[in-house]
Amino acid sequence: MPAPLTDDAASARAAARRRHPSARWLVPVRTLCARVSERLRAGGAEHADIAAALLHARGVTGLDLETFAARAGVDVEALARAEGGDVAWPDLPPVLRMLVRGDVRGRP
Amino acid sequence: MAPTTPVPTTSDPAPGPDAPGGPPPDPTAVEVVMARLAAGDTAAVFTLAEHHGSRIAGVVRRHLRHCGVDRIAPEDLDGLVIDSCLALADVAGAWRHGGALPWWWASGRILGVVAEWVGVHADALDDRFDLEEARTAPAPTDDEDIAATFARLVDEVPIVGLVAEACRVARVEEAALFCLLEYRIQKDQGDPSPAHTLAPRYGVTPEALRQRVSRNTRRLRRVVAAEPRFAPLADFVLVA
């Protein structure tokens, strides 16, 4: 049985844990999407939840609208309308539906 | 089998249209994210949270400690960090690259987010505590700090003595001068809206505080411009 840590050693270990990458703040995706969705809805977006999910899918890549649309193979205008909350789920291009589904699967 | 559409990632960013041939800018770099937020790209809020959220969380935790909150539920911290990211998005247009990082530049605004949460979740007030009196009177400790510091500097630093004399001639009261000083200090520390930060302390609305600052600054400027003995104050921060 290892000897108990001294106060100094315990304090140093706690400080090291705080610095460890595992202590970084993890984005609560659903909460953030919900907040953004609220703002979009307040701004008049009809499909705010879909818009927030799409904005998240693009946001985590850091890419701008045009680059993301080109990479995903969708029309820029179509993506802009969807991110603006103007497109219902059945009318989303298939690749955007795939992105939105993949975005929320398994994340907190 | 139909070819699959590649999902864009940050590991293979495409060069921008203006790229001179050098490496493309990191799309998650803070200046790039802030520029996109300033341009109204809501997706950049997620970029900010994903790639810089830990540092924003650090500022939030620091402000919580200053407010006397040593422990916070993870979900409450999450909410505060998210609100701070949204607050940064709202003021991104005013941030300039090369200065303080956004979460320090807008530290006052993040403090406002934290203070509002602390105010809602603080313990119930003592029934004997006079809320009206607390709202109208500035915190005495703060007044004494600024008053004591100013009084000391008037004797030690000639230009501060000149400021005190100019205020006397311009009929700028001591309380108004301290308000001016605090406003300037807040602004220099990166607070994008010092009026909102200081208004509760002075028991006035942010607009009233701005008018007070503006009115007294104008009085000082008139006196400084009219009397040659105050010429050294022409470029002083309170009147410039």
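Tabulated results
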| read-out | value |
| --- | --- |
| Number of positions in segment A:24-41 that are within 14 Å of the chain's Cα centre (by Cα), facing another protein chain (nearest Cβ under 7 Å) and not in a helix (DSSP H, G or I) | 3 |
| Yes/no for residue A:57 being buried (at least 23 other Cβ atoms within 10 Å of the Cβ) and small (Gly, Ala, Ser) | yes |
| Criterion: within 17 Å of the chain's Cα centre (by Cα) and either away from every other protein chain (no Cβ under 13 Å) or more than 20 Å from residue B:51 (Cβ to Cβ) (or both) - qualifying residue of A:62, A:44, A:85, A:73 | A:85 |
| Search result, residues across segment B:136-161 that are more than 25 Å from residue B:210 (Cβ to Cβ) and either modelled with pLDDT of 85 or more or open to solvent by less than 40 Å² (accessible area, probe 1.4 Å) (or both) | B:161 |
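The values are calculated or read from the model by the stated rules, or taken from the named source; none is laboratory data. Here the structure is a predicted model, which means the values were calculated and not measured. Virtual Cβ from ideal backbone geometry, glycine too; neighbours counted across all protein chains shown. What goes into the accessible areas is simple: the full protein's heavy atoms, side chains included, and nothing from ligands, DNA or RNA. Shrake-Rupley method; radii C 1.70, N 1.55, O 1.52, S 1.80 Å.
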